[in-house]
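Take a look at the structure set out below.
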Amino acid sequence: MVGTQHGATMARRRRIPGQLVRLGILFALLAGALLYVRGRFVPLTFGELGHYRAAAIGTLAAQSIRFAGMEACAECHDDVAAVKQRSYHRGLSCEGCHGAASAHVEDPLASTPAIPKERQRCLRCHRYLASRPTGFPQVLERVHHPVKACVECHDPHDPAPPIPPSECAACHGAIARTKAVSHHWSLDCEQCHAAPAEHRQNPRAFLPKKPTERAFCGQCHARGSDAPVGIPRVDLAEHGGRYLCWQCHYPHAPEGG
Amino acid sequence: MGKEPSGHAIDETRRRLICELAKLPAATVLLSLTGPVRARAEGDEETDEHHYAMGIQIDRCIGCGLCVEACKVENDVPDEPFYFRTWVERYTIYEDGEVVVDSPHGGRDGFRPRSEDEERRVLRSFFVPKLCNHCDNPPCVQVCPVGATFKTREGVVLVDSDYCIGCRYCIQACPYGARYLDPRTKTADKCTFCYHRLRRGLLPACVEVCPTQARVFGELEQQASPLHRLKRFEPLHVLKPELNTDPKVFYTDLDGVVR
Amino acid sequence: MNPEHLEALRSALDKVTGFIYPNEIELHWGLLIVIYPYLTGLVAGAFILASLEKVFRVKAVEPTYRLALLTALAFLIVAPMPLQAHLGHPERSFEIFLTPHLRSAMAMFGFVYAWYLMVVLLLEIWFEYRADMIRWRGRARWPLKAIYGLLTLGSSDLSPEAVAFDRKAVYAITIIGIPSAFLLHGYVGFIFGSVKANPWWSSVLMPIVFLFSAIVSGIALVLILYYVTSMARGKVPDMACMNTLASFLLYALIVDLSLEVLDFIHRLYESEESIEILRELIASKLFISLTVVQLLLGTIGPIFLLGFARFTGLVDELKRLAYLIAALLVQVGIFSTRWNVVIGGQLFSKSLRGLTVYKLQVGGAEGILVGAGLLILPLVILYGLVKLLPPWDDAPAFREAPAAGAAAPMAPR
């Protein structure tokens, strides 16, 4: 076959080489197969809403609910909800302590949520941690009635302490403890911070005041004041320029000595 | 008749069917069977354009970890400390300037005092809840080779676990460490803003249980919402803004040391 | 859930230093993803070496031309296997063909691979071997006869025009093949380089560095195979060929080293936020694999060895031995390069505050045994290919007189 084609090659010079014909057929078959598979197997809802299976949204939306939400609890337990709504725990979801209760809402008798009474449950939020925001009520875990359960004195739905604390230290324990070992240990909080009565009920809306004049600290720290000897004095006219004293110094743990 | 969402006609008969079904008991189950339902939000006036976002107020977070626990319960996330849809980090900045970050079991069981804090002086310390930011320019969606993760019209980034091939490129591409591989399905997984709850007018589980309203959820366009108030009054930060992912989780009082 | 896997994660958690995001404890791209770029790098590098002869007319490396093509094919066949083994759902991997997400670099994989395999490599090998396969078919018995028949697609045209067309086709395909080879391996570098979330990976240089380390490893591999196969056949390797290979390897190594040093200097100079944790990474977790293995043993050592052997008056046997050792060191070095990129990028937290660990498993899909198997399998396939399509100049097929009537001589090139 090889030799006999020699004479005919002159005529065949313009024709497509045999190799390309064979390859062309092969590639056409492969491309056809690929297109067929492509058309057949792309998921039905793909591309309807974007480059994804639109059916996935339905699957994800159909996931079952575990937490019913505070409003759902209030539908039946309206008495407890009313009490809690006026208490310090108004922002705490029922399920935060009692666990996910959607099953209970569906069928109240089939599953009842837990009623946690151990200390660890409350300490989770209320044990003292330096990282918690100032003013959040915290207790020192090992000091505050270590043997008792919290619920013995505090009703979780109205957790105001049985004897309302008069000390600022009840919520501002860290500041109080810091101040107690500082040079200002003998100063009452109220001496510098005039706190409105509502502060205890709604702390962020009724903030205590801070001194607005340098002369305030000057009552003790200005030259020529009547304060006891040993308290550091400065010439208020020279010291500190335009700033109020507490804009540089931290009054709860002042430097010096 | 309300506004029609772009490119998707509302079926009037289906809408009426859904309204009827909603009156029956066990409505939630039946509603889920009828297919996509519009979420009910406050002030909703027949609009299909919800753009969900979350606000996190750092100065309110007490690090209780109820959000982490609730998320694991609501979404059936494996209990081990390697898989989190949301977690809480504690930042402790000492007087010498050193910053220490920890997140024991993601904060699921709350936190305990750091033993070092008794010796060293702490300058600042706070908690930072983290979760998927549901970015508007999500790098995870960009890199998915098959289209298994996507951003819905509401701006929620979801994963189609029936289509995901488990290549893990999205997990590598997320700058926030928000994704993990579900060991049971071998597909990528992450926070969904509790999409199944949003569709039924409920809040995400983490927002639901937060005792101090540190987590705030809402819609970006809605004029009256806790989120809108944050936008008006608070300087809002996002994580890693330089990466241009356009996150939709906004932080107030976010310290500069937070990554 | 696999309890051993959970146990491994638990023990990894104990070894974390500093802070990592809780989800980062599981390293997602392990040994298999280190092996994949190593394999495609060898494919691209071997092909580019082959193109040196075809397109750039470097006649000295002619003895390695066909061998390089077959090597590229053997490694290309194995290349998708580590990817399949790594996927959470390998049975869904065809989705990349069905619904490729065009914004994703990884989606390109299916098409780049298919293009390179079908349109470049297989086609080039086909045109290169077509005439010889026809001749071998003439002399073979069943089943080889049928196999050659299938491989030639039934073609039996040995006319000078057909053979000349073959040669032109090979030239044209090689021209297309060079950028295709760049694309095949460069896109892997882009997959890493475009991840802005990871400061170790995110770099414009990444595709370039990948490509040059691929060229280095490819040349070194063909050098090793040429040497080993020659010795196995009892032939002396052609010294001009070996010297040229060594020269090209040396030049490629120098460029590769320059790129890596450039990257290093650039990072230090810009001193971005990630510099601290990356410094710690290199000094602790990656010290051995980067400074010792990749740099010293894998790059600088071979440069000196090759330079010394090539340009001094050593006897040929010693030169060849030095080249072989250098090439083997290069293989180890390039594998370590892939390791340092893939694993290294996951050993530090995206919070830039901590480091974690990667524990290499022995068994299982991501274990050393599977990894070693994947590295050996291409050589096994290559053995089969070499038996089926001998790339040697002096193979019996070439020596024998052409069948009666053929006008043109049978030299394949």
- request: For segment B:74-79, just list the computed ³J(HN,Hα) in residue order, Karplus coefficients 6.51, -1.76 and 1.60, θ = phi - 60°, integers in Hz, with x standing in for Gly and Pro.
  value: 4, 10, 6, 7, x, 6
message: Relative contact order of segment C:105-222, please, whole-number percent, based on alpha carbon pairs below 8 angstrom and at least 6 residues apart.
response: 27 percent
statement: Computed ³J(HN,Hα) along segment C:50-66: with the Karplus parameters 6.51/-1.76/1.60, θ = phi - 60°, integer Hz and x for glycine or proline, the list is 4, 5, 4, 6, 6, 9, 9, 6, 7, 5, 4, 8, 3, x, 9, 4, 5
- line: A correct Karplus calculation of ³J(HN,Hα) over segment C:313-322, with 6.51 cos²θ - 1.76 cosθ + 1.60, θ = phi - 60°, whole Hz and x for Gly and Pro, returns x, 6, 5, 4, 4, 5, 4, 4, 5, 4
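If you count, for each residue, the other Cβ atoms within 10 Å and average over each peptide, how do A:232-244, C:39-51, B:218-230 line up from highest to lowest?
Highest mean packing first, the order is C:39-51, B:218-230, A:232-244.
Calculated from DSSP H runs of 4 or more alone, at -39500 (n - 2.57) each and per residue, what is the 222 nm mean residue ellipticity of chain C, nearest 500? Numbers along the way, then the final one.
Working: 16 runs with 258 residues, N = 413.
So the helix-based figure for chain C works out to -20500 deg cm²/dmol.
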- prompt: For C:Ala114 and B:Lys186, what is the calculated FRET efficiency with R₀ set at 22 Å and r taken between the beta-carbons, to the nearest 0.05?
  reply: 0.30
message: Within 10 Å of each Cβ in A:63-72, how many Cβ atoms from other chains are there, averaged over the peptide?
response: 6
- line: If every Lys and Arg gets +1 and every Asp and Glu gets -1 at its Cβ, then about the Cα centre segment C:143-243 yields a dipole, in debye to the nearest 20, of 200 debye
Amide H within-cut-off set for B:Phe250, under 5 Å, with H built and near neighbours excluded: B:Met54, B:Gly55, B:Ile56
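As an exercise, use a Förster radius of 30 Å and the Cβ-Cβ distance of A:Gln85 and A:His144 to find the FRET efficiency, rounded to the nearest 0.05. Before the final figure, lay out the partial values.
Working: r = 27 Å, r/R0 = 0.89.
The computed FRET efficiency comes out at 0.65.
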- prompt: How many partner chain Cβ atoms sit within 10 Å of a residue's Cβ in peptide B:237-244, on average, as a whole number?
  reply: 1
task: Please order B:Val216, C:Val236, B:Val238, A:Val147 by the number of other Cβ within 10 Å, starting at the fewest.
output: A:Val147, C:Val236, B:Val238, B:Val216
- request: Give the peptides C:344-355, C:223-234 in descending order of average Cβ contacts within 10 Å, highest first.
  value: C:344-355, C:223-234
field: Shielding by partners, peptide B:57-64 (average Cβ within 10 angstrom, other chains)
entry: 5
query: What is the set of long-range amide H partners of A:Ala101 at a cut-off below 5 Å, with H atoms built 1.01 Å from backbone N?
result: A:Ala68, A:Gly69
query: Going by how many other Cβ atoms sit within 10 Å of their own, how do B:Lys190, A:Lys148 line up, fewest first?
result: A:Lys148, B:Lys190
statement: Taking segment A:159-257, the equivalent ellipsoid from its C-alpha gyration tensor has semi-axes in Å, biggest first, of 29, 16, 11
message: Within segment A:67-84, name every residue whose backbone N is under 20 Å away from a label modeled 7 Å from Cα of B:Arg229 along the Cβ vector.
response: A:70-71, A:84
message: Taking amide H atoms as placed 1.01 Å from N in the peptide plane, list the residues 5 or more away in sequence, or in a different chain, whose amide H sits under 5 Å from that of B:Tyr180.
response: B:Asp189
- request: Quick one: order C:Leu87, C:Leu6, C:Leu318 by neighbouring beta-carbon count within 10 Å, fewest to most.
  value: C:Leu318, C:Leu6, C:Leu87
message: Defining a contact as two alpha carbons under 8 Å apart and six or more residues distant in sequence, what relative contact order in percent does chain C show?
response: 28 percent
Packing rank of B:78-89, B:141-152, where each peptide gets the mean count of other beta carbons within 10 Å, highest leading: B:141-152, B:78-89
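Suppose a student asked you for the relative contact order of segment A:122-254, using Cα pairs under 8 Å spaced at least 6 residues apart; what percent would you report?
Numbers: 109 pairs, mean separation 24.3, N = 133.
It rounds to 18 percent for segment A:122-254.
Would you mind checking the pairs A:Lys210/B:Lys130; C:Lys54/C:Lys196; B:Lys130/B:Lys186; B:Lys151/B:Lys240; A:Lys210/B:Lys240 and listing those with alpha carbons more than 28 angstrom apart? All intermediate terms of the calculation are to be shown ahead of the outcome.
On the way: A:Lys210/B:Lys130 34 Å; C:Lys54/C:Lys196 39 Å; B:Lys130/B:Lys186 23 Å; B:Lys151/B:Lys240 20 Å; A:Lys210/B:Lys240 36 Å.
Exceeds cut-off: A:Lys210/B:Lys130; C:Lys54/C:Lys196; A:Lys210/B:Lys240.
No value in this document is a laboratory result; all are computed from the given coordinates. All figures in this text were calculated on a predicted structure; none of them were measured in a lab. Glycine also receives a Cβ, built like all others from the backbone with ideal geometry; neighbour counts cover every protein chain displayed.
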